[in-house]
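These notes are about the structure you will find just below.
The values are calculated or read from the model by the stated rules, or taken from the named source; none is laboratory data. None of the values given here were measured: they were computed from a predicted structure. All Cβ positions, even for glycine, are placed from backbone atoms using ideal geometry, and neighbour counts span all protein chains on display. Ligands, DNA and RNA are stripped out before the accessible areas are found, and what is left, the full protein with its side chains, is counted by its heavy atoms. Shrake-Rupley method; radii C 1.70, N 1.55, O 1.52, S 1.80 Å.
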Amino acid sequence: TAWTIDMDTGTEREADLAAPVARSLDVPHMPVEAGRPSYPRRFAETAHLTEYQTAPRYNVFLTYLLRALPTEGVVVDGFAAGFLKGNFNVRMLARDSEWASAPPGLFDFYAPATAGLSLLGADAWDRIRATSRRVFERELTRFDGHPNAAPLGVYWTRTRRRISPAPAGIFGARHPVFLPYLSDAVIRASLRARPEAKLDGRLFQRLYELIG
């Protein structure tokens with residue numbers, strides 16, 4: 001069975017893409033809806049499964065899928081498909097003519113100037129944000145000159161620290177987990193493609209058309 005679950009607004013698009021793929025493989029396709037009334041209980045359950053490794057706010061949705069899965073079988077997870085799909089804010093890098101101008105834009109996207117004002121006040125928030133910006137931009141220097149520096153930077157500074165342990169941390173408690181997009185060959189091929197070729201999921205869609 002192919003399962004589609006996502007907390008983002010792109011759920012419908014992902015389900016639309018997954019449905020024909022499932023049909024071509026002759027397997028059932030089941031979108032999983034989040035049951036919001038039980039969110040607090042799911043949040044606590046996710047925190048217990050993932051401990052400090054992941055962000056429960058995001059991964060709580062995966063526990064719905066865990067409960068829906070059969071008790072046996074391998075879980076195939078699409079983690080890291082973003083390098084092919086063209087998310088990780090690849091549009092920002094494709095728009096900018098120089099990579100040097102991208103890190104400030106990426107930081108402003110993830111930490112807007114007004115994000116912490118109501119909680120911390122202007123003085124504290126400005127100082128925290130300034131320190132965070134320096135650290136963020138320093139970490140991104142390792143990808144200077146790479147055509148896919150933006151997605152690599154987002155993955156390095158955010159994804160690997162927030163949701164990357166989720167497939168093994170949640171599904172791995174009960175199932176073997178297969179992560180095909182983390183294959184070395186797949187990652188290398190994904191990073192050879194220029195960012196502009198991935199805009200709006202064009203490369204990812206073309207790949208599935210060729211497979212189909």
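Filtered by the rule that a residue be open to solvent by 20 Å² or more (accessible area, probe 1.4 Å), at pLDDT 80 or above and either part of a helix (DSSP H, G or I) or touching a Leu at 6+ places or on another chain (Cβ under 9 Å) (or both), the stretch 44-78 gives VAL76, ASP77, GLY78. Every condition in (1) closer than 22 Å to ALA81 by Cβ; (2) at pLDDT 85 or above holds for PRO165 except the one numbered (2).
Counted as qualifying within the stretch 105-212 are the helices (runs of 4 or more DSSP H) with 2 or more residues that are hydrophobic (A, V, I, L, M, F, W, C), surrounded by 13 or more Cβ atoms within 10 Å (Cβ to Cβ) and touching a residue at least 40 places away in the same chain (Cβ under 8 Å), namely 149-154, 166-170, 184-192, 202-211. One residue alone among ARG161, ARG174 is farther than 22 Å from LYS198 by Cβ, charged (D, E, K, R) and under 14 Å from the mean Cα position of the chain (by Cα), and that residue is ARG161.
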